[in-house]
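In what follows, a single structure is set out as structure tokens and then discussed.
The values are calculated or read from the model by the stated rules, or taken from the named source; none is laboratory data. Quick caveat: nothing in here was measured; it's all calculated off a predicted structure. Methodologically, a virtual Cβ is constructed for each residue, glycine included, from the backbone with ideal geometry; neighbour enumeration extends over all protein chains shown.
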Amino acid sequence: MHDILRRAEPLTSPVPASPRGFGRLTLDVRQNLPPWKQAVFVGSSLILGLAISVAILALAGIPPLTLASELAGVLTAENLRGVLIQAAPLILVGLGASVAFRIGFWNLGIEGQMIFGGIFAAAISIYDIGPPATRLILMGMAAALGGALWVLLVVFLKLRFRVNEIIATLLLNYVAMYFLFHLLYGAWQDAKTAFPQSTPFRPFERLTDIGYGVNSGLLIAIAGVLAAGWLIHLSRIGFYTRFISANPRMAKVVGVPVQTATIWIIAISGACSGLAGFVNVASQEGRLTQSYANGYVFSGVLIAFLSRNDPIVVAIVAFLIAVLFITGQTLQVFYQIPFTMVQMIEAIIVMAVASSEFLIRHRIRWIR
Amino acid sequence: MNSALQLAGIRKSFDGALALDGASFESRSGEVHALLGENGAGKSSLMNVAAGLYAPDAGSISINGAPISLSGPASARSHGIGMVHQHFKLVRPFTVAENVLLANPQPHFASGLRDIRDAIKKQVDALKFSIDPDRRIDSMTVAEQQQAEIVKVLVGGARILILDEPTAVLTDAEAVGLLEIVQRLARSGTAVVLVTHKLQDVKRYADVVTIMRGGRTVATLDPRQSTAEELTELTVGQTSALPERTPHQGGETRLNVGALTYTRADGRTMLNNTSFFVRAGEIYGIAGVSGNGQAELAEALIGAIEPSLGEIWVDGAGDIGHAGQARRREAAIAAIPADRYAYALAGSLPIQDNLAVAQIRSGRYGSVFRLDRAAMRRDAIAAVKDYDVQGVRSVKQKASLLSGGNAQKLVIAREFSLEPEVVVAHSPSRGLDARACAAVHQRLIAARERGAAIVLISEDLDEILSLSDRIGVMTRGAIVAEFERPADRQAIGRAMVDHA
Amino acid sequence: MIDFLVNWLANTPVTAAPYALAALGLIIAERSGVLNLTAEGLMLVGALAGAGTCLALGGYPALALVAAMVAASAVSLLFAVLVVVLRINQVIAGLSVVFFCQGFTGLVGTLAKWQNKQLTGLPPLKIWPLSEIPGIGRILFQQDPIVYLTILIFFAVNFLLFRTMLGLRIRSVGENPGAADAAGVSVTLHRIFAIVAGSSLIGLAGGYISVVSVKLWVTGMTGGRGWIAVALVVFARWAPWPALAGALLFGCIEALIPQIAAAGIRVPQYLMLMTPYLATIAVMIWVGTKDSGITQEPGALGQPHVREERR
């Protein structure tokens, strides 16, 4: 054995770590990135996503110039009215999705909740419940209740039987859709037209213009934004939601009423979607139809995701998605581009923006 | 004797934080080379570089004097470097043989598994181990899992064996057995690197010791020619003593745990009639080998899990084992859990929120409708100052940005703000450096002086011995023996093993 | 009554095969630790690619099914990059891929005018003389070739996962990527392989629906079967045998719906159409009530792997 005291200095001169030439790609998790850099990453990936969408549309036969002129057409004063009408349900589903995502609950049952919101509202009309003066309010309340009940079913299944809410909410969308068909092809079918539609609502059962071309549905949506903003940022339950999503086990140990808060938040989420259903049947359609909830699940996910679950930003993003919706409708009518195109573009945007999170959260280095 | 593994001038940073700062290390065939240092000194990082898991930012690696480059763990293995990690790298639902096969791939699964099984049996016999190649890892004790890890590395033909804190999870007797085997391996020509923070192991079993501090290798010397004080000084830099404590007065019983039983969802009984009591002004230490129900006991006491049977009686609040959260709050139990980011902190939330959350329901921080953030901020700034939490630029910064010791101070600040009658601390100094560790111990002793009843659950026998007034030994989910202070270390060690 | 039973059971393999194929594909991917929600979308891609190939070539159903597999694998590569390389939240990535596929297949199918065009399909393969046994023969030995192929694929998947080095590596990556990594197994490559290989089976499931079973393409024609397959994997606890049993169960339920209508039993048809979804939820509840003692859920399901992570 050697008994010399060795100082731990390099015994040989350092040689390059990589005699064979190639380096190694390594990945670190990083804690913090300045906000402006985050904005640059998100912004550039958003632009990339939109560029891919434009390219696909060009392949589908819509040259970028045509697209630009159609987009300009949508933003003119008379078409803006349509955009605002469309924005109302999108804001509401965006709020619904974002409050649920705030506590890590994947509410993908937005369409089902919209359907039941519409059905509950229509029931008030069809069974002529309450005086005409308060009829609209009653319909709105019924719609919120319908959406909330439909999602609380899933909450029950999750808390009681540990049923995964992603699958349960998605499957219940199909169940809700067939229940709607059951009504529209059966008891609630309008006898006069023989189309799968209910009888039209009476004038006092419809959301109408309140001046300047603005529909009262938008007022409901704006009230929703303010209420959600208060709930998330100022109320005690909003404080709880942060702990429930950040660390539910810890939240329970430090005394956050996890279960109660979860149930309330999810009920509110469902109520928002139910209201969105009410807004669609009571303003755009004026009656219960087959398709008033189509395409809203992923729109809700997208709006919540892009707004980072912040109610005020939800309103802005929802407005932009409304522009996309209306453009999509135009392209459908004049260029025979199917409306599913909207969903495809939404998905591309989410993928692009989500990818930018990779650069925000990780540091990639090439070590030679 | 020639140089087997040589690391020179290794630098490595994580997210800008320097973990290794020009560390150098050389181990030779036939000797046990200890790598000594505190938690966070960079020992594991340096060895992870040698094992090909981390790519160094700078520096060189040589085997038998020839410089090599490592593209990953597989290439390290092909150079004969094998590492047994502190957290075993075993696939739990696989058998021993499947794990060994995974690390030593064969062209065909079925025949490969047969060959591997034979190779394992040979190694097991040679080392006098006791493991069966066809047992699943998740049905084995920690010591057996460690044997599986060592066999896995040796079957792969490792000539350089790195053991990262191998005795941390073992009883004293198991540790002695392991280290003797390791010494024998070295005598037969293997270069063994023993990463540890235990001075005793170094003095008794190492031929050479390299000491690390703050990401650097400070010295390499012969442990037999140096005193424990010298080694400690090189490792820590400075040490601090525990504060004076008054002799225990024997107050009234504050906490009584009666016949507590907990069966996990998979059917394993983790707590089996655990019974003990703690008086006011007393620290009750619970010693035992990791995995004997300590984690579940702590979880039951802080309300993370509900026990299947038995009671947790707290003076003034009654049985809280099955009570709702409101009753638990009345009991005023402070929880200092082992895994801070599992049960004590929400790392992604601001420091001030983490501090305020325990008292939010009392109305101290505003009504149901309107939060009072100014009050939160005021209290948070005061708490950060009182408890000497370092590295806080703003109380709005994320809690996860704090180092382990400061995060622990944050937890203690919150939990002690409620003037608790009962404190449950589970491995409160795990992963902390000497100074932070001393600060945590001082807080616990201060709480004892104030008259709180304290349960201290720890796998670190030194921590238990230095702090506790009474000590219970936990084995297989039950308290099997109790000792009064001053307790005999050997007797406790025997109690931990005898009942296993 | 016997006729009803024979008709029903003879149709069951055709409805069960897509569930079995999709579930097996999902099991391969999820055993590698990737939470895979893409089935509904990839089945649509497979269905469109199959139908499109048939229409473009005027037949060749076998080639169409290969095209379905290739197309779904190609799209799954996108998912693999998102979750394995870029480490995006696997739920968000899975949902995005599904909705992308729904939009994209709708767009292509409409623009190419493939909607509602009759396809030739695959003739049944009669295994003579067993096919002539009354009742049993029709149920078991007069099915199309893909039904038999599904059984072969089932054994192949079992062999791959539990009897090969590749399978050992895939499972290790799903259970404990850190350990697999330390053992020199590339987490990235094995996860990508598992996703792409599994997705070829999901694509085959979709192609089977359009080319063999329904014999035409309609936008959104999979109607939630992909989600049911995802649920089926949870029900099967990530093991192939129970997945096959579950596929047969759902096949039975789905095959029953047209039989009831054909037998002239008066049940509200839209309520009847809900049954596969309600049955899926019922099965999930059953899984939840069972004592979840021995689960084979991959230990690292849904977790991205970053080696150089330190706390």
Query raised in the report: Going by the structure shown, is B:GLY324 out of contact with any strand residue (DSSP E or B) (no Cβ under 8 Å at 6 or more places or on another chain), free of Cβ contacts under 8 Å to residues at least 60 places away in the same chain and away from chain A (no Cβ under 14 Å)?
Result: no
Requested in this report: Hey, can you tell me all the residues within segment A:285-322 that are surrounded by fewer than 18 Cβ atoms within 10 Å (Cβ to Cβ) and among the aliphatic types (A, V, I, L, M)?
Outcome: A:ILE312, A:VAL313, A:ILE316, A:LEU320
Report summary line: In segment A:94-126, residues that are over 16 Å from A:LEU231 (Cα atoms) and either hydrophobic (A, V, I, L, M, F, W, C) or in contact with a Ser or Thr (Cβ under 6 Å, 6 or more places away or on another chain) (or both) total 18
Query raised in the report: A:ILE85 versus (1) out of contact with any strand residue (DSSP E or B) (no Cβ under 9 Å at 6 or more places or on another chain); (2) assigned to a helix (DSSP H, G or I): which is the lone unmet condition?
Result: (1)
Requested in this report: Considering every residue within segment B:363-380, establish whether at least one is buried (at least 21 other Cβ atoms within 10 Å of the Cβ), outside any helix (DSSP H, G or I) and either more than 9 Å from every other protein chain (Cβ to nearest Cβ) or in contact (Cβ under 8 Å) with a residue 60 or more places away in the chain (or both).
Outcome: no
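Looking at this structure, is B:LEU170 closer than 26 Å to B:GLY22 by Cα and either surrounded by fewer than 21 Cβ atoms within 10 Å (Cβ to Cβ) or free of Cβ contacts under 8 Å to residues at least 60 places away in the same chain (or both)? Step through it out loud before you land on a result.
Numbers: closer than 26 Å to B:GLY22 by Cα: no; either surrounded by fewer than 21 Cβ atoms within 10 Å (Cβ to Cβ) or free of Cβ contacts under 8 Å to residues at least 60 places away in the same chain (or both): yes.
No; evaluated as a whole, the condition is false for this residue.
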Query raised in the report: Within segment A:159-166, is even one residue within 25 Å of C:ILE285 (Cα to Cα), aromatic (Phe, Trp, Tyr) and in contact with a Ser or Thr (Cβ under 8 Å, 6 or more places away or on another chain)?
Result: yes
Report summary line: Listed by range, helices (runs of 4 or more DSSP H) wholly within segment B:95-166 having at least 2 residues that are polar (S, T, N, Q) and either buried (at least 21 other Cβ atoms within 10 Å of the Cβ) or without any contact (Cβ under 8 Å) to a residue 40 or more places away in the chain (or both) are B:109-127, B:142-155
Query - Qualifying residues in segment A:283-312 (those that are in contact with an Asp or Glu (Cβ under 7 Å, 6 or more places away or on another chain) and under 18 Å from A:ALA148 (Cβ atoms)) - the one farthest from the other protein chains (Cβ to nearest Cβ) - result: A:ALA293
Query raised in the report: Do any helices (runs of 4 or more DSSP H) entirely within segment C:201-279 hold 1 or more residues that are away from every other protein chain (no Cβ under 14 Å), of a type in the set (Phe, Trp, Tyr) and farther than 26 Å from C:GLN118 by Cα, and if so, which?
Result: C:240-262
Query raised in the report: If we keep just the residues of segment B:56-68 that are in contact (Cβ under 8 Å) with a residue 12 or more places away in the chain and at the interface with chain A (Cβ under 8 Å from one of its Cβ atoms), which is surrounded by the most Cβ atoms within 10 Å (Cβ to Cβ)?
Result: B:PRO56
Query raised in the report: For B:ALA173, are the conditions met, namely being under 18 Å from the mean Cα position of the chain (by Cα) and more than 14 Å from B:VAL100 (Cβ to Cβ)?
Result: no
Query raised in the report: So which pairs qualify, if the first residue must be in segment A:178-197 and more than 7 Å from every other protein chain (Cβ to nearest Cβ), the second must be part of a helix (DSSP H, G or I), the Cβ gap must be under 6 Å, and the two must be at least 6 apart or on different chains?
Result: A:LEU180/A:ILE115; A:PRO196/A:LEU184
Requested in this report: Test A:ALA143 against the criterion of being assigned by TED's automatic domain parsing to the domain that holds A:ARG206 and within 30 Å of C:VAL98 (Cα to Cα), and give yes or no.
Outcome: yes
**Report entry** Residues (crowded, with 22+ Cβ neighbours inside 10 Å and within 14 Å of another protein chain (Cβ to nearest Cβ)) located in segment C:186-200
**Finding:** C:VAL187, C:HIS190
Query raised in the report: Does segment A:125-144 contain at least one residue that is basic (Lys, Arg) and either within 23 Å of A:ILE210 (Cα to Cα) or free of Cβ contacts under 8 Å to residues at least 60 places away in the same chain (or both)?
Result: yes
Query raised in the report: Can you name the residue in segment C:213-229 that is crowded, with 24+ Cβ neighbours inside 10 Å and of a type in the set (Val, Ile, Thr) and, of all such residues, is nearest to C:GLY302 (Cα to Cα)?
Result: C:ILE228
Query raised in the report: Got a sec? Which of B:VAL218, B:VAL169, B:VAL193 is within 27 Å of B:GLU229 (Cα to Cα), touching a His at 6+ places or on another chain (Cβ under 7 Å) and not in a helix (DSSP H, G or I)?
Result: B:VAL193
Report task. Give A:LEU234, A:LEU170, A:LEU159, A:LEU219 a once-over and let me know the one that is within 28 Å of A:VAL301 (Cα to Cα) and crowded, with 23+ Cβ neighbours inside 10 Å. Result -> A:LEU170
Query - Criterion: at positive phi, modelled with pLDDT under 90 and surrounded by 24 or more Cβ atoms within 10 Å (Cβ to Cβ) - qualifying residue of B:GLY42, B:GLY16 - result: B:GLY42
Report summary line: Among residues of segment C:133-169 being within 20 Å of the chain's Cα centre (by Cα) and over 30 Å from B:PHE109 (Cα atoms), the residue surrounded by the most Cβ atoms within 10 Å (Cβ to Cβ) is C:GLN143
Requested in this report: May I ask you to say which residue of A:GLY211, A:GLY224 is within 27 Å of A:VAL83 (Cβ to Cβ) and in contact with a helix residue (DSSP H, G or I) (Cβ under 7 Å, 6 or more places away or on another chain)?
Outcome: A:GLY224
Query - Meets criteria (small (Gly, Ala, Ser) and more than 16 Å from B:LEU349 (Cβ to Cβ)) for A:GLY224 - result: yes
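Does A:ALA315 satisfy the condition of being small (Gly, Ala, Ser) and within 9 Å of chain C (Cβ to nearest Cβ)? Outline the logic, then answer.
Numbers: small (Gly, Ala, Ser): yes; within 9 Å of chain C (Cβ to nearest Cβ): no.
Against the criterion (small (Gly, Ala, Ser) and within 9 Å of chain C (Cβ to nearest Cβ)), A:ALA315 does not qualify.
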Query raised in the report: On the given criteria, is A:LEU172 in contact (Cβ under 8 Å) with a residue 60 or more places away in the chain and under 27 Å from A:GLY130 (Cβ atoms)?
Result: no
Requested in this report: For segment A:151-159, state whether one or more residues are farther than 24 Å from C:ILE92 by Cα, part of a helix (DSSP H, G or I) and either assigned by TED's automatic domain parsing to the domain that holds A:ARG287 or modelled with pLDDT under 95 (or both).
Outcome: no
Query raised in the report: Before we move on, is B:ALA358 without any contact (Cβ under 8 Å) to a residue 24 or more places away in the chain and in contact with a Lys or Arg (Cβ under 9 Å, 6 or more places away or on another chain)?
Result: no
**Report entry** Scan of segment B:27-53 for residues that are within 12 Å of chain A (Cβ to nearest Cβ) and farther than 27 Å from B:ASP460 by Cβ, ordered by number
**Finding:** B:SER27, B:ARG28, B:GLY30, B:GLU31, B:VAL49, B:GLY52
